[in-house]
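Peer 1: Dropping the structure in here first, questions after.
The values are calculated or read from the model by the stated rules, or taken from the named source; none is laboratory data. Just so it is clear, the model here is predicted, and its values are computed rather than measured. A quick note on method: Cβ atoms are made from the backbone with ideal geometry, for glycine too, and the neighbour counts reach across all protein chains shown. Note: accessible area is taken over every heavy atom of the protein model, side chains too, but ligands, DNA and RNA are not part of it. Shrake-Rupley method; radii C 1.70, N 1.55, O 1.52, S 1.80 Å.
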Amino acid sequence: MLFKYFPELNGLDKITMETTALKLMEEAGELSQAISKFRGLNGEIVNMSEKEIVEKIVSELLDVMQVCATMTYVLQKKYDINMEKELEQHIKKLKNKGYIKE
(Lines give C-alpha, C1' and ligand atoms only; values in the text may rest on other atoms or scores of the structure.)
Protein backbone atom coordinates (compact mmCIF):
# COMPACT_ATOMS: atom_id res chain seq x y z
CA MET A 1 0.00 0.00 0.00
CA LEU A 2 1.55 3.27 -1.14
CA PHE A 3 -0.51 5.51 1.09
CA LYS A 4 -1.06 4.61 4.72
CA TYR A 5 -4.56 6.04 4.92
CA PHE A 6 -5.73 5.67 1.32
CA PRO A 7 -6.07 1.99 0.51
CA GLU A 8 -5.82 0.41 -2.88
CA LEU A 9 -9.42 -0.24 -3.92
CA ASN A 10 -10.79 -3.50 -5.28
CA GLY A 11 -11.28 -3.86 -9.02
CA LEU A 12 -8.38 -1.68 -10.18
CA ASP A 13 -8.10 -3.86 -13.28
CA LYS A 14 -11.39 -2.31 -14.48
CA ILE A 15 -10.37 1.27 -13.67
CA THR A 16 -8.57 3.39 -16.25
CA MET A 17 -6.65 6.62 -15.98
CA GLU A 18 -9.44 8.30 -17.94
CA THR A 19 -12.29 7.05 -15.73
CA THR A 20 -10.29 8.02 -12.66
CA ALA A 21 -9.71 11.53 -14.03
CA LEU A 22 -13.44 11.90 -14.64
CA LYS A 23 -14.17 10.69 -11.11
CA LEU A 24 -11.64 13.20 -9.79
CA MET A 25 -13.47 16.04 -11.56
CA GLU A 26 -16.78 14.82 -10.09
CA GLU A 27 -15.36 14.72 -6.57
CA ALA A 28 -13.61 18.09 -6.99
CA GLY A 29 -16.97 19.54 -8.05
CA GLU A 30 -18.61 18.19 -4.90
CA LEU A 31 -15.81 19.70 -2.81
CA SER A 32 -16.25 23.03 -4.58
CA GLN A 33 -20.00 22.89 -3.96
CA ALA A 34 -19.45 22.27 -0.24
CA ILE A 35 -17.01 25.19 0.01
CA SER A 36 -19.40 27.41 -1.92
CA LYS A 37 -22.16 26.52 0.51
CA PHE A 38 -19.84 27.25 3.45
CA ARG A 39 -19.08 30.71 2.08
CA GLY A 40 -22.69 31.36 1.01
CA LEU A 41 -21.59 31.89 -2.60
CA ASN A 42 -24.31 29.89 -4.28
CA GLY A 43 -27.28 31.97 -3.16
CA GLU A 44 -28.89 29.08 -1.31
CA ILE A 45 -30.27 29.43 2.17
CA VAL A 46 -27.94 27.31 4.26
CA ASN A 47 -29.75 25.10 6.77
CA MET A 48 -26.58 23.55 8.13
CA SER A 49 -24.40 24.66 11.00
CA GLU A 50 -20.83 25.74 10.32
CA LYS A 51 -19.65 22.50 11.95
CA GLU A 52 -21.84 20.41 9.64
CA ILE A 53 -20.60 22.27 6.57
CA VAL A 54 -16.95 21.90 7.59
CA GLU A 55 -17.53 18.18 8.18
CA LYS A 56 -19.01 17.97 4.66
CA ILE A 57 -15.97 19.79 3.25
CA VAL A 58 -13.64 17.33 5.01
CA SER A 59 -15.67 14.38 3.70
CA GLU A 60 -15.50 15.67 0.13
CA LEU A 61 -11.79 16.46 0.46
CA LEU A 62 -11.11 12.89 1.56
CA ASP A 63 -13.05 11.63 -1.47
CA VAL A 64 -10.80 13.75 -3.72
CA MET A 65 -7.70 12.44 -1.97
CA GLN A 66 -8.84 8.82 -2.33
CA VAL A 67 -9.39 9.28 -6.06
CA CYS A 68 -5.91 10.81 -6.38
CA ALA A 69 -4.46 7.82 -4.52
CA THR A 70 -6.43 5.48 -6.76
CA MET A 71 -4.96 7.13 -9.85
CA THR A 72 -1.47 6.51 -8.51
CA TYR A 73 -2.32 2.84 -7.98
CA VAL A 74 -3.67 2.64 -11.54
CA LEU A 75 -0.47 4.23 -12.90
CA GLN A 76 1.65 1.81 -10.87
CA LYS A 77 -0.19 -1.27 -12.09
CA LYS A 78 -0.87 -0.39 -15.71
CA TYR A 79 2.24 1.62 -16.58
CA ASP A 80 4.81 0.17 -14.16
CA ILE A 81 5.48 3.57 -12.58
CA ASN A 82 7.60 3.51 -9.43
CA MET A 83 5.45 5.82 -7.30
CA GLU A 84 7.80 5.66 -4.31
CA LYS A 85 10.59 7.04 -6.51
CA GLU A 86 8.25 9.63 -8.01
CA LEU A 87 7.09 10.68 -4.55
CA GLU A 88 10.70 11.09 -3.39
CA GLN A 89 11.40 13.33 -6.41
CA HIS A 90 8.24 15.32 -5.71
CA ILE A 91 9.23 15.90 -2.08
CA LYS A 92 12.73 16.94 -3.21
CA LYS A 93 11.15 19.46 -5.60
CA LEU A 94 8.99 20.87 -2.79
CA LYS A 95 12.03 21.21 -0.54
CA ASN A 96 14.00 22.94 -3.30
CA LYS A 97 11.16 25.45 -3.71
CA GLY A 98 11.14 26.10 0.02
CA TYR A 99 7.67 24.64 0.62
CA ILE A 100 9.04 22.06 3.05
CA LYS A 101 11.60 22.89 5.71
CA GLU A 102 14.01 20.22 6.80
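Peer 1: What does the net charge come to around residue 94 if you take all other residues with beta carbon closer than 12 Å to its beta carbon, with K and R at +1 and D and E at -1?
Peer 2: Values: positive: 92, 93, 95, 97, 101; negative: 88, 102.
Combined, the nearby Lys, Arg, Asp and Glu give +3.
Peer 1: Under a Cβ-Cβ cut-off of 10 Å, what is the net charge of the residues other than residue 13 that fall near it, where Lys and Arg count +1 and Asp and Glu count -1?
Peer 2: +3
Peer 1: In degrees, nearest 10, range 0 to 90: what is the angle between the Cα axis of helix 50-79 and the longest Cα principal axis of the chain?
Peer 2: Once rounded, the angle reads 20 degrees.
Peer 1: Which whole-number percent is the relative contact order of segment 29-102 (Cα, under 8 Å, 6+ apart)?
Peer 2: Computed value for segment 29-102: 21 percent relative contact order.
Peer 1: Considering only protein heavy atoms and a probe of 1.4 Å, how much of the accessible area of the chain is carbon and sulfur, as a whole percent?
Peer 2: Working: 4350 of 7720 Å².
Accessible surface attributable to carbon and sulfur in the chain totals 56 percent.
Peer 1: Return the sequence-ordered ³J(HN,Hα) values of segment 86-102 in whole Hz as given by the Karplus equation 6.51 cos²θ - 1.76 cosθ + 1.60 applied to θ = phi - 60°, using x for Gly and Pro.
Peer 2: Ordered by residue, 3J(HN,Hα) equals 5, 5, 4, 5, 5, 5, 4, 4, 5, 5, 4, 7, x, 7, 10, 9, 8 Hz.
Peer 1: Just the Kirkwood number for segment 1-54, please: inverse of mean 1/r across all distinct Cα pairs, in Å, one decimal. Can you show the working numbers first?
Peer 2: On the way: mean 1/r = 0.0726 Å⁻¹.
It is 13.8 Å.
Peer 1: Could I ask something else about it? Under 20 Å between alpha carbons, and skipping anything fewer than 8 positions from residue 78 in its own chain: which aspartates and glutamates qualify?
Peer 2: Qualifying aspartates and glutamates at Cα under 20 Å: 8, 13, 18, 86.
Peer 1: While we're looking at this one, here's another question. Counting Lys and Arg as +1 and Asp and Glu as -1, what is the net charge of the other residues whose Cβ lies under 13 Å from the Cβ of residue 28? Intermediate values should be presented prior to the final figure.
Peer 2: Values: positive: 23; negative: 26, 27, 30, 60, 63.
Neighbourhood net charge equals -4.
Peer 1: If the only charges are +1 at each Lys and Arg Cβ and -1 at each Asp and Glu Cβ, what is the size of the charge dipole of the chain around the Cα centre, to the nearest 20 debye? Mind dumping the intermediate values first?
Peer 2: Numbers: 15 positive and 17 negative charges, 95 e Å.
Result for the chain is approximately 460 debye, rounded to the nearest 20.
Peer 1: Shifting gears a bit: Show me 29-39, 43-53 ranked by packing, highest mean number of other Cβ atoms within 10 Å first.
Peer 2: On the way: 29-39: 15.8, 43-53: 9.9.
Going from most to least packed, we get 29-39, 43-53.
Peer 1: Also, quick follow-up: Rg(Cα) of the chain divided by 2.2 N^0.38 Å?
Peer 2: On the way: Rg = 16.9 Å, N = 102, 2.2 N^0.38 = 12.8 Å.
So the chain has a normalised radius of gyration of 1.33.
Peer 1: Another question about this same structure. With each pseudo-label sitting 7 Å past Cα toward Cβ, what's the residue 61-residue 47 distance in nm, one decimal?
Peer 2: Simple spin-label model gives 2.7 nm for this pair.
Peer 1: Per residue, how much accessible area does the chain have with a 1.4 Å probe, in Å²? If you can, show how the numbers build up before the last one.
Peer 2: Values: 7720 Å² over 102 residues.
Result: 76 Å² per residue.
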